[in-house]
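Presented below is the structure to which this report refers.
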Amino acid sequence: MTETFFYNLWQFLPKDTMARNTQVAADHNAPAITQILAKFVATHPSRGWSDAVDHDAHRTFTNWLGCAVGAAHHEAADAALAAAQMFQPAAQASVLGRSEKVDMGSAALINGITSHTFDFDDTHLKTIIHPAGPVASAILALAEHIGSTGRECIDALVIGIDVSCRVGNAMYPDHYDRGWHITGSTGTLGAAAACARLLKLDTQQTAMALGIAASQPVGMREQFGTMTKPFHPGGAARAGMMSALLASKGFTASPKALEAPRGMMQTISTKNDWSEITGELGERFEISFNSFKPFACGIVIHPSIDACSQLRAQGVTPDQVQSIELKVHSLVLELTGKKEPADGLQAKFSVYHGCAAGLTFGYAAEDEFSDEIVNRADMVALRRKVIATVDDSIDEASADVTAVLNDGRRVHVFVEHAIGSLQNPMTDSLLEAKFHGLSDPVLGAEKTAALLKASWAVGQAANVSALIKLATTQA
């Protein structure tokens, strides 16, 4: 009777439904990606890379730390901490820039949120992933609780970021174009890999950690401009940590969770270039392709801000401007086309506000994205003078800007590579100035200087307790 019932039901299913129920992804011969990455995470030697890569790791850690401390008292941090405290968490790990301690999962969540709140964190330009947020936030919270050395933390950072960015390389841009916030979706894997490394899991356990994480991709681009965007790296950090902890206790997952036809990668992307994961694995490290933001907003706005800052340096002032003609790649307006941002979070996704800030101030740090500045009458008037058009012959990392002045003159600037790009990177001294700008208002200049010194030397630290003490405040 039961078989007859299901047979009759099957007869009435629409043909497209039957096709969907029997269809599998095209690539049945994908390499054993989950196992390949697990072996790399578990067995790659400590400091198994060049001095240059190790310095890149310290730059990434330092930039992340400054961003997390800087946003410690943002309303998003207040709300996240208040919610976490409703669970009455054990005091396992610290909230950066504050006096409170919570459980290590909540610390990873909150520090991940603050590290991305200002949209001032690192960017892996090939994929637009912000890799440190999920990975470093999980590492520091777990390391504080289990007593990891600084070297173990840096090793985990390099390896975790390699996992997230290699998976991102394999899926970008299709996965991103579908609406996924790639920082969260790949960051869960990076955080799981980093925590598995800190926990010293073997290859099989690490494969399970990656498999568990593969069922927890975090984040949709619809959330950009809200507090939920910075939730994505925080949520990924917490989910990745939990994945590694589950695996450490014998929890299981599919050993092909990443690459299987109905595994994570083939489910959330039609583009899967497996060679991006396997090619030069353990020889080329994606952390070396990380970049750091001089401006506190979406990376695709940076060339436009840079160009308007150059106009200002040439003597162009807002009162002289009749209009600003802006030509950019279509992705710029797709991501940052908010013409009338209502607050600072929305302004971080407004190339119009970015141009106004660049011309008015010559830069665009966090203060230039405050609600007060965004709604100031002169800023509203100036960004309404920005006329943006799409020109896909221009690279998404470039901008063509012409200021049309009231006296009829036209002043033109073309930015091929903005400051902060791989071709025009921020120096260590610029990173330190950025760090002070973020941390001084929270910790004070003297303590910030000591924290900065500790961050540059974290790879030599016996543990992270001294750094944590410097990065937090007294109750």
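Compared with the dominant principal axis of the Cα atoms in the chain, helix 428-443 is inclined by about 90°.
Below 8 Å, C-alpha to C-alpha, sequence gap of six or more: please give me the relative contact order for region 22-291 in percent. Walk me through the numbers on the way to the answer.
Working: 562 pairs, mean separation 74.4, N = 270.
About 28 percent, as a whole number.
Seen against the Cα atoms of the chain and their longest principal axis, helix 228-248 is set at about 30 degrees.
With R₀ fixed at 41 Å, the C-beta to C-beta distance from HIS145 to GLU334 puts the FRET efficiency at about 0.50. In loop segments of region 156-224 as defined by DSSP, there are no chymotrypsin sites (Phe, Trp or Tyr not before Pro) with at most 14 further C-beta atoms inside 10 Å of their C-beta.
Please identify which residues in region 300-318 have an amide N closer than 14 Å to a label point set 7 Å out from the Cα of ARG376, following the Cα→Cβ vector. Answer for region 300-318: 318.
Cβ-Cβ distance of HIS412 and LYS200, R₀ of 41 Å, FRET efficiency by 1/(1 + (r/R0)^6): the value works out to about 0.10. Spatial offset of region 154-217 relative to region 299-372 amounts to 33 Å, using the alpha carbon center of each. The equivalent ellipsoid of region 299-415 has semi-axes of 19, 18, 12 Å, largest first, where each one is the square root of 5 times an eigenvalue of the Cα gyration tensor. Across the chain, the relative contact order, built from alpha-carbon pairs under 8 Å that are at least six residues apart, equals 19 percent. The slack in the chain from ASP367 to ALA445, taken as 0.36 nm per residue of separation less the alpha-carbon distance, amounts to 26.3 nm. Site pair LEU430 and ALA91 shows an inter-label distance of 4.2 nm when each label is modelled 7 Å from Cα along Cα→Cβ.
Spin-label pair GLU75-GLN423: with each label point 7 Å from Cα along the Cα-Cβ axis, the two points sit 4.0 nm from one another. Around the Cα centre of the chain, unit charges on the Cβ atoms of Lys, Arg, Asp and Glu (plus for the first two, minus for the last two) sum to a dipole of about 760 debye. Rg and Dmax of region 22-291, both derived from C-alpha coordinates alone, stand at 16.8, 54 Å.
Read-outs: derived from the displayed coordinates by stated rules, not from any lab. These figures come from a predicted structure and were not determined experimentally. Note that each Cβ is placed from the backbone with ideal geometry, even for glycine, and that neighbours are counted across all protein chains shown.
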